[in-house]
Amino acid sequence: MLARMTSEPEQQIGVGTQDAFQRLWTPHRMAYIQGENKPSGPGADDGCPFCSIPEKSDEDGLVIARGEHVYAVLNLYPYNGGHLMVVPFRHVADYTELDEAETAELAEFTKRAMRALRTASGAHGFNIGMNQGGVAGAGIAAHLHQHVVPRWGGDTNFMPVVGHTKVLPQLLADTRAMLAAAWPV
């Protein structure tokens, strides 16, 4: 048994004392929590990151692939390694606002994303979906985006359940390069 393990909570003062816990710090999450990169309003010119990403290089914007109406981009704050989003170039908030060509390409890019993730990382399954509106959990409600989250058997281990921490085994730039190379044409 580990020394000093108790079931009683211990007040931590200052930097704390050595205990049986290894701490993983994820300071990049603080940017998300504090709202960094969030638009100041609902318009395309209100700092929408999904409108500015296409202006960057693929590497700087973490873009995996570009189509005529949509693009695939890694999530800057991923739930799992390889978590990407399919985003229309046009600034629309609601799925019903997409025209037929945008809807078709969004669906096709979702299928390509699944193929690329299976090829590149052997994903066993996926969570795919959109959060429509802030009350539904959309972090950026003003610009539609569909999440494609790869899943593997056993990927829900003690870290997210007990430690509320997700360990990602690869830098986003490396994940982007791997998925871009695996993207089906």
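The values are calculated or read from the model by the stated rules, or taken from the named source; none is laboratory data. All figures in this text were calculated on a predicted structure; none of them were measured in a lab. FYI the Cβ positions are ideal-geometry reconstructions off the backbone, even for glycines, and counts take in every protein chain you see. Each accessible area value is taken on the protein alone, full model and side chains, heavy atoms only, with ligands, DNA and RNA left out. Shrake-Rupley method; radii C 1.70, N 1.55, O 1.52, S 1.80 Å.
The amide H of Ala65, built 1.01 Å from its N in the peptide plane, has Ala72 as neighbours under 5 Å, considering only residues 5 or more places off or on other chains.
Farthest toward the positive end of the dipole of the stretch 42-180, out of Thr119, Gly134, Val70, is the Cα of Thr119, where the dipole comes from beta carbon charges about the Cα centre. Using θ = phi - 60° in the Karplus curve 6.51 cos²θ - 1.76 cosθ + 1.60, the 3J(HN,Hα) couplings for the stretch 127-136 round to 9, 10, x, 10, 9, 9, x, x, 5, 8 Hz; x is entered for Gly and Pro.
Ranked from largest to smallest solvent-accessible area, with a 1.4 Å probe on the protein heavy atoms, His91, His83 come out as His91, His83. Over the stretch 42-180, Cα pairs under 8 Å with separation of 6+ residues give a relative contact order of 28 percent.
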